[in-house]
């Protein structure tokens, strides 16, 4: 008889570890951006400089700061990137909700970031044309204006038209 609790336990552990990593990354990124972190980095550099004469400014002394700086930089790249990915996704979800909740918005734009560069360029060009047209007509945006035909949705790629 097969024990079905192991896959669930593995999934729980991996989700738990992932959640802990997100918390750790968020905490480290916040702390590293604090003025005290900058002060600590300056203090480490000053301490390192002050120990220079003791080591005769030799290769070991140089290698120490180089190695520490490289390790910290290498690890911070992943932590900062994780925080940026999460923040970017959260902002995207908020924008998607605003698009979805706005009656006159086009829901086809909800996953626009998934389009090819060519499709994005084509839609961007259309929006730029709409903006130029809107700047040429001073009545646009006036509460009494009913002329909104020129603000029509840009032509979307075929795959998005069904949305």
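The values are calculated or read from the model by the stated rules, or taken from the named source; none is laboratory data. Note that the structure is predicted; figures quoted are calculated from it, not measured. FYI the Cβ positions are ideal-geometry reconstructions off the backbone, even for glycines, and counts take in every protein chain you see.
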What single numbered condition from (1) in contact (Cβ under 8 Å) with a residue 12 or more places away in the chain; (2) closer than 17 Å to residue 84 by Cα; (3) loosely packed, with under 13 Cβ neighbours inside 10 Å fails to hold for residue 25? (3)
Might you check whether a residue that is without any contact (Cβ under 8 Å) to a residue 40 or more places away in the chain, under 12 Å from the mean Cα position of the chain (by Cα) and in a helix (DSSP H, G or I) occurs anywhere in the stretch 65-80? no
Check off (1) at pLDDT 95 or above; (2) within 30 Å of residue 107 (Cβ to Cβ) for residue 74 and give me the number that stays unchecked. (2)
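Among the residues of the stretch 40-64, what is the count of those that are over 30 Å from residue 24 (Cα atoms) and assigned to a helix (DSSP H, G or I)? Steps first, please.
Start the filter on the stretch 40-64 by keeping residues that are over 30 Å from residue 24 (Cα atoms), which leaves 49-62.
Then drop every residue that is not assigned to a helix (DSSP H, G or I), which leaves 49-50, 53-55, 59-62.
Residues flagged as over 30 Å from residue 24 (Cα atoms) and assigned to a helix (DSSP H, G or I) within the stretch 40-64 amount to 9.
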